[in-house]
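Here is the structure we will look at, set down as structure tokens.
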Amino acid sequence: MSAQKGINHVVLVGRLANDPKISSTAQNNSVASFTLAVAKAFVNPVTGDRDADFIPVVAWRQQADVVKNFLKKGSECGVEGRIQTRSYTDKDGQKRYVTEVLVDSIYLIGGKREDGMQAGSSANFDDDDANYSNNNASVTDIDNDLPF
């Protein structure tokens with residue numbers, strides 16, 4: 001009997017809820033983590049505002065370099081990738097579970113930036129290195145002043 005192959009494909013468009021956190025592994029691989037605020041399709045009937053989901057995202061290597069060089073809090077982008085779950089033990093000995101989007105492609109969306117990067121640009125690299133640990137992907141301290 002052969003194992004059935006599942007589908008794990010995510011496509012999101014939103015704005016960075018915070019400035020990306022950029023780091024490197026011991027093997028000198030770049031890692032960028034950020035929270036993507038994705039507006040919901042409906043308006044909150046109580047507040048009249050459009051609510052958003054705040055989704056942790058991780059980009060490796062070339063995609064991390066694109067994030068570092070072209071994205072900041074409030075930047076609009078699209079990401080294509082897959083859902084990843086992992087666990088780690090925190091400094092207090094508690095086991096923590098994380099669910100995040102692991103990026104395969106990043107799409108820069110919006111108007112022309114100060115540095116001349118044109119809207120619609122993308123970065124698409126084969127990058128399957130998901131073996132890392134202790135990445136802080138919590139969605140805390142999110143500012144409420146997102147520009148959408």
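A few comments on the model shown:
- For the stretch 36-55, a residue qualifies if it is among the β-branched types (Val, Ile, Thr) and over 11 Å from Ala17 (Cα atoms), and the qualifying residues are Val43, Val46, Thr47.
- Residue that is modelled with the lowest pLDDT, among those in the stretch 26-66 that are in a strand (DSSP E or B) and of a type in the set (Asp, Glu): Asp51
- Residues satisfying the stated conditions in the stretch 12-50, i.e. over 15 Å from Gln63 (Cβ atoms) and in contact (Cβ under 8 Å) with a residue 60 or more places away in the chain: Val13, Gly14, Arg15, Ala17, Asn18, Thr35, Ala37, Ala39, Arg50
- As a summary of the residue check, Asn69 satisfies the conditions (1) assigned to a helix (DSSP H, G or I); (2) modelled with pLDDT of 95 or more except for the one numbered (2).
- All told, Lys5 falls short of being without any contact (Cβ under 8 Å) to a residue 24 or more places away in the chain, of a type outside the set (A, V, I, L, M), in a strand (DSSP E or B) and out of contact with any Gly (no Cβ under 8 Å at 6 or more places or on another chain).
- Among (1) under 25 Å from Gly110 (Cα atoms); (2) touching a residue at least 24 places away in the same chain (Cβ under 8 Å) - the single one Tyr88 does not satisfy: (1)
- Hits in the stretch 10-25 - residues which are farther than 24 Å from Ile109 by Cβ and part of a strand (DSSP E or B): Ser23, Ser24
The values are calculated or read from the model by the stated rules, or taken from the named source; none is laboratory data. The structure displayed is predicted, hence computed values, not measured ones. A quick note on method: Cβ atoms are made from the backbone with ideal geometry, for glycine too, and the neighbour counts reach across all protein chains shown.
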